[in-house]
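The values are calculated or read from the model by the stated rules, or taken from the named source; none is laboratory data. Quantities reported herein were computed from a predicted structural model and do not represent experimental measurements. Using ideal geometry, Cβ is built from the backbone for each residue, glycine included, and neighbour counts are taken over all protein chains shown. Note: areas computed on protein heavy atoms with side chains; ligands, DNA, RNA excluded. Shrake-Rupley method; radii C 1.70, N 1.55, O 1.52, S 1.80 Å.
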Amino acid sequence: MKLVSYKTEDREHLGIFINGHIYNLNSCDKLLPDNMSAFLQGGEVLMERAKRIDDQIKDGSLVAKEEIFYEILAPVPHPTSCRDGYAFRQHVAAARRNRKVDMIPQFDEYPIFYFTNHNAIQGTGEIECMPDHFDKLDFELEIAIVIGKKGRNIKAAEADEYIAGYMVMNDMSARTLQMEEMLLNLGPAKGKDFSTVIGPWLVTPDELLQYKVTPKEGHVGNAYDLKMTCRVNGIEVSKGNAADMDWTFAEIIERCAYGVDILPGDVIGSGTVGTGCFLELNGTGLLNDPNYKVQWLQPGDVVEMEITGLGALTNTITKANTDFSILGLKKH
């Protein structure tokens, strides 16, 4: 099942996406809420009701009215929190090699994450960035999960049961801001807090069973063979696979939930897949060729991320009409 959040006029709704059409869940079953937050709070009971509607529309036993005029939103427009992990060893190793530093051994000891701005979640459409963001503006190709039920001190062996679904994720990054603040060992923050993009819909785990594979040796949890690509202005710049995650989402959840509640509506990203951002691509290119032409996102660029089974997430980069700069406020 593919769950979508969308807007008609000034009101948000919850629907299901079937064969290119959106159907409102609440209009099919009045016991289903008309927004994603309340739906996720209802846990497995509401999820099963929604799946019955999905099945009935697909087999023709329920004739539902499709939505015509709407604006697609992020599948979870108002997450309770947003964390981002560091699950792909290939990306971490390449980034460190490009900086001419050794691979950090602690990567293989435990999965880490940081909190980002859950109030800056966006979906398909325009991403407006400030002037300072364009000082090395970057995408990050990731896969994300949404938590579907409350839990605490969850063991990795049971953690996949807490996943409501999967999405494409673009962790937008302003690299100059990010690198400056991380010199003070406190971050990332301003380099990441302006936009985290998820979508186009929330895909329930049952749809991914056909892609299930064995996780990396010594790891626990579900893994999936899902091709991941990113195109900028129609040109493929990045490709990887979700099966290359060294730390599984189950293991990341285990760490997230240690001594603290995880809640329905929490979003957790995987971290960047190998080759999944310009920072890594530029660094590798310059390492191999000093004349390599570096690339960063520019106003008007169209970024399209696609993951097998999860759909394509498309955004256009725009620039805010202002000259306000926090980089210009630095004391010297």
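What's the angle, to the nearest 10 degrees (0 to 90), between helix 278-288's Cα axis and the longest principal axis of the chain?
Long axis of 278-288 versus the principal axis of the chain: about 40 degrees.
With +1 on the Cβ of every Lys and Arg and -1 on the Cβ of every Asp and Glu, and nothing else charged, how large is the dipole of the chain about its Cα centre, in debye rounded to the nearest 20?
500 debye
Per residue of the range 240-252, in order, report the coupling 6.51 cos²θ - 1.76 cosθ + 1.60 (Karplus, θ = phi - 60°) as ³J(HN,Hα) in whole Hz, putting x for Gly and Pro.
The phi angles translate into x, 8, 4, 5, 7, 4, 7, 9, 7, 4, 4, 6, 5 Hz.
Got a number for carbon plus sulfur as a percent of the chain's accessible area, 1.4 Å probe?
Answer for the chain: carbon and sulfur cover 51 percent of the accessible area.
Tabulate in residue order the Karplus-calculated ³J(HN,Hα) for the range 321-330, using 6.51 cos²θ - 1.76 cosθ + 1.60 with θ = phi - 60°, rounded to whole Hz; enter x for Gly and Pro.
7, 7, 10, 5, 9, 7, 5, x, 8, 4
Past 26 Å, Cα to Cα: identify those pairs from Lys150/Lys239; Lys30/Lys212; Lys30/Lys149; Lys7/Lys190; Lys293/Lys319; Lys190/Lys216, in the order given.
With Cα atoms farther than 26 Å apart: Lys150/Lys239; Lys30/Lys212; Lys7/Lys190; Lys190/Lys216.
Measure nothing fancy, just the Cα-based angle from helix 43-59's long axis to the longest principal axis of the chain, in degrees from 0 to 90, nearest 10.
Once rounded, the angle reads 70 degrees.
Would you calculate the separation in nanometres between label points at Asp206 and Glu9, each defined as 7 Å from the Cα along the Cα-to-beta-carbon direction?
The modelled label-to-label distance comes out at 3.4 nm.
Among Gln178, Gln295, Gln41, which one shows the biggest mean-square fluctuation in a GNM of the chain, springs joining Cα atoms closer than 10 Å?
Of the options given, Gln295 has the highest mean-square fluctuation.
Could you work out which residue, out of Asn288, Asn233, Asn153, moves most in a Gaussian network model of the chain, that is, has the largest mean-square fluctuation with Cα springs under 10 Å?
Asn288
Would you look at the GNM of the chain, springs on alpha carbons closer than 10 Å, and say which of Asp246, Asp160, Asp59 moves the most?
Among Asp246, Asp160, Asp59, the largest GNM mean-square fluctuation belongs to Asp59.
Could you tell me how many degrees, from 0 to 90 and to the nearest 10, lie between the Cα long axis of helix 89-98 and the main elongation axis, the longest principal axis, of the Cα atoms of the chain?
20 degrees
Could you derive backbone 3J(HN,Hα) for the range 161-171 from the dihedral phi with the Karplus parameters 6.51, -1.76 and 1.60 (θ = phi - 60°), listing whole Hz in sequence and x where the residue is Gly or Pro?
5, 8, 8, 7, x, 10, 8, 6, 9, 10, 8
If amide hydrogens are placed 1.01 Å from N in the peptide plane, which non-local residues have theirs closer than 5 Å to the one on Asp301?
Close amide H contacts, sequence-distant or interchain: Ile317.
What number, rounded to the nearest 500 deg cm²/dmol, is the helix-based mean residue ellipticity at 222 nm of the chain, given -39500 (n - 2.57) per DSSP H run of at least four residues and division by all its residues?
-5500 deg cm²/dmol, from helical runs alone.
Would you pull out the residues with amide H under 5 Å of Gly199's amide H, same chain only if 5 or more places away, H placed 1.01 Å from N?
Val168
Among Phe107, Gly42, Met1, which residue has its Cα positioned farthest towards the positive end of the charge dipole of the chain, with +1 placed on the Cβ of Lys and Arg, -1 on the Cβ of Asp and Glu, and the dipole taken about the Cα centre?
Positive-most Cα among the choices belongs to Phe107.
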